[in-house]
Amino acid sequence: MRVLVALLAGMVLTAASFHALAQQDQIERMTTSKMENFELDKLEWKDEPVLPGDAKSALVIGDPTKPGVFMVYLKFPPNYEIPAHTHPFAEVVTVLKGAVWNGMGEKLDRTKGDKLGAGSSFTLPSGHAHYLWNEEETIVLLTATGPWNITYINPEDDPRK
């Protein structure tokens with residue numbers, strides 16, 4: 001009888017632990033109310049205030065300001081740079097048009113980095129310092145978890161200030 005009680009108690013504690021872990025890392029599921037097609041040449045591009053210069057964005061799904069997965073197209077003009085920065089959550093960036101160089105570290109260095117053309121993707125862990133540049137107009141698809149933010153290594157690089 002004691003063995004059965006101990007076994008049941010262990011099962012209850014294990015279930016409670018799994019439930020607590022599941023609650024701790026819960027996010028909102030991606031939802032949509034309609035089927036929608038997206039074509040790069042027909043998107044409504046908006047100024048992107050968290051990125052420097054003339055970057056544009058077009059939201060596909062989700063809300064970058066809230067918890068949960070979102071997807072957004074980002075368009076960068078030729079000879080564009082995003083200085084070294086980090087993000088609070090992991091990201092996946094897929095190049096759809098043009099090419100970008102993705103560099104790692106706390107200072108933009110055009111002698112380092114990987115060139116990625118259309119069809120290429122890269123992942124970024126949360127808190128990982130990186131930078132990006134291009135030579136031609138580039139469009140990427142960013143898939144990430146909100147609330148999204150960008151912290152520039154050098155605060156002077158932040159266009160919001």
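Quick look at the values:
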read-out: Residue in segment 68-79 that is over 22 Å from Ile153 (Cβ atoms), in contact with an Asp or Glu (Cβ under 8 Å, 6 or more places away or on another chain) and assigned to a loop (DSSP other than H, G, I, E, B) present; value: yes
read-out: Scan of segment 22-67 for residues that are among the polar types (S, T, N, Q) and part of a loop (DSSP other than H, G, I, E, B), ordered by number; value: Gln26, Thr31, Thr32, Ser33, Asn37, Thr65
read-out: Sole exception among (1) buried (at least 17 other Cβ atoms within 10 Å of the Cβ); (2) under 16 Å from the mean Cα position of the chain (by Cα); (3) of a type outside the set (Asp, Glu) for Pro49, by number; value: (1)
read-out: Pick from segment 104-161, criterion over 13 Å from the mean Cα position of the chain (by Cα), closer than 17 Å to Leu74 by Cα and among the β-branched types (Val, Ile, Thr), ranking: surrounded by the most Cβ atoms within 10 Å (Cβ to Cβ); value: Thr138
read-out: Any hit, segment 152-161, residues being touching a Lys or Arg at 6+ places or on another chain (Cβ under 9 Å) and more than 30 Å from Glu28 (Cα to Cα); value: yes
read-out: Out of Gly119, Gly113, sole residue that is of a type outside the set (Val, Ile, Thr), without any contact (Cβ under 8 Å) to a residue 24 or more places away in the chain and at positive phi; value: Gly113
read-out: In segment 64-92, the residues that are within 22 Å of Thr32 (Cβ to Cβ) and surrounded by 15 or more Cβ atoms within 10 Å (Cβ to Cβ); value: Pro64, Gly68, Val69, Phe70, Met71, Val72, Tyr73, Leu74, Phe89, Glu91
read-out: Extreme residue, farthest from Trp133 (Cα to Cα), among residues of segment 52-63 that are free of Cβ contacts under 8 Å to residues at least 40 places away in the same chain and surrounded by 13 or more Cβ atoms within 10 Å (Cβ to Cβ); value: Ile61
read-out: Any strands (runs of 3 or more DSSP E) falling wholly within segment 89-153 and containing at least 2 residues that are β-branched (Val, Ile, Thr) and in contact with a strand residue (DSSP E or B) (Cβ under 9 Å, 6 or more places away or on another chain); value: 91-97, 138-146
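Only the coordinates and a few stated rules stand behind these numbers; no lab work does. All values reported here derive from a predicted model rather than from experimental measurement. As a convention, Cβ positions derive from the backbone with ideal geometry for all residues, glycine included, and neighbour counts pool all protein chains shown.
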